[in-house]
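**Q** For reference, the structure I am asking about is given below.
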Amino acid sequence: MWSDGLGRAGTRGAQILLVGAVVVALVWLLSRLSIVTIPLALALIFAAAFAPWMEWSRRHRLQPALGAALALVFLLTVITAALLFVVGSVSLEWRELAIKTEDGLQRVVAWLQTLPFSPDQGQLNDLEEQISGFVTSTEFGSGALGGIGAVTEVGASLGLMAIILFFLLKDGPQMWEFLVRPYEGIAYDRAERIRRKTVDVFGGYISSTAAAALFDAVGIFIGLLVLQVPLALPLAILTLLLAFIPIIGAVSAGAVAALVALVSNGPLNAALVVLVVIIVNQLEGNVLKPLLMGKTVSLHALVVLVVITAGTALGGITGALLAVPLTAAAWGVVQVWDGDNMPARWARPKTRERPAPGAGGRELS
């Protein structure tokens, strides 16, 4: 009874359920070990980005430990300086921005009261009391403590990532040779192709995304200066950081900039900021990124959006950051599975027949 259509469908359904159960179990295990898996994934991506530097240092007989230490110091200095600058700049202008925010919210409330479905004054007072009550409640305090715990966890993850990255940069070739010892012949060649392709994808993704993020930040910074929006430089650096999350990051940075313009300079200025963000993002997405990435990250925009959504659901902001490079690396592995330019059999383009030029016969294309 398993040989008819229903039996084959049942067999295939059972196989799909089994594979799905394995995938769910693997995702659950990785999420439980996220304090290790996330720093390891980030370290692998950054190690691929610094691979050219390490190759150069080895060719010039620089000690691997010294080369790895210099790369690590450079990376941590850039990240720390950017974060400190954003926090410091915002804190300097926070009081003025808070006053403008209060004025802007009062204008919004006044506008809402002009609508036919606007809430009455009593409802607005109740909402204000609820917000004030939450801020002064024990739940808010516990949430603040939870935020401190989250900051501590992030700091521990970054420390672990730095240690893993140092050893990957210093002893990466030896670690890889140890991992591929069991493979010979075709399997060894495939493992080498996978290594080269993964390094190319990760390194290309980091370098091209960093260049595109810098373009976004400079373009939006110039637009905010022209429109006289406060916190222009911190907002530009925030754009630089968020641009590493494709699609969603640019939208989020633009929304923050528009909100600051709204509460500071009014709705017309905010609309102009939105226009500037759209122009910069269109130039970056349709002109700059295709030139920089080429075929390194050959993922359709719909695939990017889906994997970012899935990564956000599974791992929050970190999941959104890792979703695209990991998916691109997996697809890159498929593309070199049977050779440097030979994808796996199921991923090869289908051939079709078409009439030969000037002939009545048919040829295989």
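**Q** I'm checking my understanding of the structure. Among residues of region 339-350 that are in contact (Cβ under 8 Å) with a residue 12 or more places away in the chain and within 15 Å of Arg196 (Cα to Cα), which one is least open to solvent (accessible area, probe 1.4 Å)?
**A** Gly339
**Q** Same structure, new question: Considering only residues that are closer than 26 Å to Gly319 by Cβ and either surrounded by fewer than 22 Cβ atoms within 10 Å (Cβ to Cβ) or in contact (Cβ under 8 Å) with a residue 24 or more places away in the chain (or both), look in region 222-241 and name the one that is nearest to the chain's Cα centre (by Cα).
**A** Leu241
**Q** Scan region 188-211 residue by residue and report those that are β-branched (Val, Ile, Thr) and in contact with a helix residue (DSSP H, G or I) (Cβ under 7 Å, 6 or more places away or on another chain).
**A** Once the filter is applied, which keeps residues that are β-branched (Val, Ile, Thr) and in contact with a helix residue (DSSP H, G or I) (Cβ under 7 Å, 6 or more places away or on another chain), region 188-211 yields Ile194, Thr198, Val199, Val201, Ile206.
**Q** Then there's this: State all residues of region 50-86 that are at pLDDT below 85 and surrounded by 14 or more Cβ atoms within 10 Å (Cβ to Cβ); if no residue qualifies, say none.
**A** Matches in region 50-86: Ala82, Val86.
**Q** Separate question: Out of all the residues in region 303-356, which are of a type in the set (Gly, Ala, Ser) and in a loop (DSSP other than H, G, I, E, B)?
**A** Ala344, Ala356
**Q** For residues that are in contact (Cβ under 8 Å) with a residue 24 or more places away in the chain and among the β-branched types (Val, Ile, Thr), tally how many sit in region 301-318.
**A** 6
**Q** I need a count of the residues in region 1-36 that are polar (S, T, N, Q) and modelled with pLDDT under 85.
**A** Count: 3.
**Q** Given the criterion over 21 Å from Ala49 (Cβ atoms), buried (at least 20 other Cβ atoms within 10 Å of the Cβ) and at pLDDT 80 or above, identify the matching residue among Ala213, Ala217, Ala261.
**A** Ala261
The values are calculated or read from the model by the stated rules, or taken from the named source; none is laboratory data. Not measured: the values here are computed from a predicted model. Neighbour counts run over all protein chains shown; Cβ positions are idealised from the backbone, glycine included. Note: areas computed on protein heavy atoms with side chains; ligands, DNA, RNA excluded. Shrake-Rupley method; radii C 1.70, N 1.55, O 1.52, S 1.80 Å.
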